[in-house]
Amino acid sequence: MKTVKPILRFVYSYPYEEAFLKLTKQKVLQKHHKEGYRKTKTVQGIWDKYEKKVLDLYVSIYKIEILEESIKVYISLVAPNSFSDPFTISLQRWKDIENNPRSKRGFVYVTIHELAHYFSYTRNKNTYSNKLYSKIQKLNILGEHGANLHCLIQAVEFGIIGEVFGHKYAEYSRNWVIENWKDNEYGKSAKLLKRHKVPLDKTCLEYIEELSKNLTQPS
């Protein structure tokens, strides 16, 4: 049986991590780097179990092709958060990822979230998802750029979580964001998704597209 190489390739960069350590005024110790390399291997194994299904869902939801043979994703143990450019996943919140199922899911959720950003900014503005994004920004339904953006990013994130892990996990994730990030763009967008009953599955963007026909700008 032919082994299919994963498209997302998780890497640990010694100088990149050292920069984070210095910024946070932490000592640069060799044991930290050893742990970084070990955990990078661990998360690659976790991700590989879900990659095909997740990427197939992006093709369906975003209506795109995935032509990349490899997408490099940096792993950090100390970065303050994860981000999509440069594609970086912080394991700061999941120190026990090697043996905690909840931490493993959290890592996959965040990778899905950052992939939603990645596939948005690396695709042509005329793609389905980016045209919908432009429409949502023009409507300015949540009154700020970040919240408008995350209305779509989180819809996709929760939709894929629902398809991969099940509706209850997606619902819990959405509600956790609402409760814990009430006053920022993540909480505002998640609350809007819940209020409008955006499906926690692969129909999420098509639902928002229909919904946007009746949405109006805030007064």
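The values are calculated or read from the model by the stated rules, or taken from the named source; none is laboratory data. Remember, predicted model here, so these are calculated numbers, not experimental data. Using ideal geometry, Cβ is built from the backbone for each residue, glycine included, and neighbour counts are taken over all protein chains shown. The accessibility values were calculated without ligands, DNA or RNA, using every heavy atom of the protein model including side chains. Shrake-Rupley method; radii C 1.70, N 1.55, O 1.52, S 1.80 Å.
So in segment 171-219, with the set limited to residues that are hydroxyl-bearing (Ser, Thr, Tyr) and touching a residue at least 60 places away in the same chain (Cβ under 8 Å), which one is nearest to Leu142 (Cα to Cα)? Checked segment 171-219; the qualifying residue nearest to Leu142 (Cα to Cα) is Thr216.
Taken as a whole, the structure places Ile64 among residues that are in a loop (DSSP other than H, G, I, E, B), open to solvent by less than 50 Å² (accessible area, probe 1.4 Å) and under 24 Å from Leu152 (Cα atoms). Considering segment 107-150, the residues that are surrounded by 15 or more Cβ atoms within 10 Å (Cβ to Cβ) and among the aromatic types (Phe, Trp, Tyr) include one that is nearest to Gln92 (Cα to Cα), namely Phe107. Of all residues in segment 164-180, those that are acidic (Asp, Glu) and either within 16 Å of Lys197 (Cα to Cα) or surrounded by 23 or more Cβ atoms within 10 Å (Cβ to Cβ) (or both) total 1.
Of all residue pairs spaced 6 or more apart or on separate chains, those with beta-carbon atoms under 7 Å, a first member in segment 70-98 that is within 17 Å of Thr24 (Cβ to Cβ) and open to solvent by 20 Å² or more (accessible area, probe 1.4 Å) and a second member that is part of a loop (DSSP other than H, G, I, E, B) and of a type in the set (Val, Ile, Thr) are Gln92/Val78. Condition first: in a helix (DSSP H, G or I), closer than 21 Å to Tyr207 by Cβ and modelled with pLDDT of 95 or more. Can you find one or more residues in segment 101-111 that meet it? Yes, some residue in segment 101-111 is in a helix (DSSP H, G or I), closer than 21 Å to Tyr207 by Cβ and modelled with pLDDT of 95 or more.
For first residues located in segment 131-159 and within 13 Å of Glu185 (Cβ to Cβ), partners that are open to solvent by 50 Å² or more (accessible area, probe 1.4 Å) and charged (D, E, K, R) and lie 6+ apart or on another chain with Cβ distances below 7 Å form the pairs Leu142/Lys188; Glu144/Glu185; Gly146/Glu185; Ala147/Glu185; Ala147/Lys188; His150/Glu185. Beta carbons closer than 7 Å, at least 6 apart along the sequence or on distinct chains, pair a first residue in segment 33-50 that is part of a helix (DSSP H, G or I) with a second that is open to solvent by 60 Å² or more (accessible area, probe 1.4 Å) and of a type in the set (Phe, Trp, Tyr) for His33/Tyr14.
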